[in-house]
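The values are calculated or read from the model by the stated rules, or taken from the named source; none is laboratory data. All values reported here derive from a predicted model rather than from experimental measurement. With ideal geometry, Cβ positions are generated from the backbone for all residues, glycine too; neighbour counts draw on all protein chains shown. Only protein heavy atoms, including side chains, enter the accessible area calculation; ligands, DNA and RNA are left aside. Shrake-Rupley method; radii C 1.70, N 1.55, O 1.52, S 1.80 Å.
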Amino acid sequence: MMCFQAFNSTAVVEGYNGTGIPFLMDSDGHCQAIMWPEADGYYPFNEEITADWIATEVVCFQKNQVPCSRPAMIEMWKRVIGRASHPNVKIDGYDILSDWAAYVVQLPYYTVNVVNSNPVFQQMFKNGWLADWADYNSSVFYGGSNRYGMGAGPDMTWCSGATYFADKYTMDPKKAKCRTWSPYSVAGWLPAAPDTIQGHLLEMLWTGESVLNYPGTDYHILWRKSLIDPAMNWSSYVTTIDIAGELFGLSTLFLGVDFYREHSNHFTKKKGFMPITEPGDNTSASLYMTGASRHLSSKSV
C-alpha cells in the first residue's frame, strides 16, 4: 500500500515505511501513478481513500494489532483525512476536496464510512455540489440550472483528443475543453440538497436533452452531453463506473442517506476491530478527524 523511492535508483517500490500511495503496483512491487503528500503535508483527495481506509483498518485497528506496529500507516491516514479540514482547491468561493470530476468525491461518500459519517466531509460534499452548479452557471460554461454536472465519460476526439475524458472544475474558460456536462453527476449529489437537486433533475428530464434510452432495454437514463455540440449522441458508449453516481444518488430517495452510513460501517468491535473513534485511543488516527470536526464548528465553510 505504501511506496518509497529506492536508494540510488529511479524506481519507486513497495515499503511499509514509505509515504507514496500508488494507484498501480506490479507483481515485483514497483509502484506507478503515485500520490505523494503535497506542500502542506496532506495528500490530494481522490477516490483512493477507499483503499487507504481499508488498509489502515486491517493493518492497524484489528484488536490484536493495537497499538499499530506500522506508524507510517497511521501517519498516511492522518494526512489523507486531514485534507478535508485543510482544503486547497477553491471554485467560485467554495472550498472543495478536489478539482477532478464529481465521482472522486461521490464514490467515497457512498462507500466509505469515515467520509459519509463525518460532518467535515459532509460539508465538503455539499460544497462540491455548490461549486459544480456555480461553475456551470458561470461564464466558463453558461450551462444554467438544467445543464450541469462535472463528470467523466465519452468525449469528442476532434475536441479533446480523447474518446474518454474526465472533466475538471475550472474558472478559466480556456480550460473548459469540450464543455461537456454530465447529469448523472448531479444525481450523485442528491444527499447535499435533495429538494433542490430533484428539481434540477426533473427539469433535465422534462427538456429531454440528456435523456437516453438505455440500449436494449425499456429504461431511460440521464447521460452525457456537450454544450458545443448538443446533437452529439453517446448512446453506444455508456460506462457503468460513471453512471454509478446517478444510481447511488437516486437510491437515497427510497433507501435514505443513512442506509449508506449504516452499511459502510464494516469495521466494528463485533467484527474484531477497534473503532476508529475509540475515545482515549491516542494511537487512533480518528482523533485527527475529531479535531477536524472542531475545526468545522469554529470556521464558516
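So here's what we get for this one:
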item	result
Pair list, Cβ under 7 Å, 6 or more apart: segment 192-203 residue open to solvent by 70 Å² or more (accessible area, probe 1.4 Å), other residue part of a loop (DSSP other than H, G, I, E, B) and among the polar types (S, T, N, Q)	Glu203/Ser145; Glu203/Asn146
Test: residue in segment 46-58 that is modelled with pLDDT under 90 and more than 24 Å from Asn116 (Cβ to Cβ)	no
Every residue from segment 6-34 that is surrounded by fewer than 19 Cβ atoms within 10 Å (Cβ to Cβ), within 16 Å of Val80 (Cα to Cα) and of a type in the set (A, V, I, L, M, F, W, C)	Phe23, Ile34
Selection count, segment 185-235, where residues are assigned to a strand (DSSP E or B) and within 23 Å of Phe165 (Cβ to Cβ)	6
Number of positions in segment 4-31 that are under 24 Å from Asn88 (Cα atoms) and either part of a loop (DSSP other than H, G, I, E, B) or modelled with pLDDT under 90 (or both)	2
Helices (runs of 4 or more DSSP H) wholly inside segment 57-116 that include at least 1 residues being over 22 Å from Gly18 (Cα atoms), open to solvent by less than 50 Å² (accessible area, probe 1.4 Å) and not aromatic (Phe, Trp, Tyr)	103-111, 113-116
Residues located in segment 79-94, provided they are among the β-branched types (Val, Ile, Thr) and in contact (Cβ under 8 Å) with a residue 60 or more places away in the chain	Ile81, Val89, Ile91
Any hit, segment 136-150, residues being surrounded by 23 or more Cβ atoms within 10 Å (Cβ to Cβ), in contact with a Leu (Cβ under 8 Å, 6 or more places away or on another chain) and not in a helix (DSSP H, G or I)	yes
From the options Val114, Val105, Val140, residue that is within 16 Å of the chain's Cα centre (by Cα), among the aliphatic types (A, V, I, L, M), on the phi < 0 side of the Ramachandran plot and modelled with pLDDT under 95	Val114
Within segment 119-132, considering residues that are touching a residue at least 24 places away in the same chain (Cβ under 8 Å) and open to solvent by 20 Å² or more (accessible area, probe 1.4 Å), the one farthest from Ser264 (Cα to Cα)	Leu130
Criterion (acidic (Asp, Glu), farther than 25 Å from Leu253 by Cβ and touching a residue at least 60 places away in the same chain (Cβ under 8 Å)) met by exactly one of Asp229, Asp172	Asp229
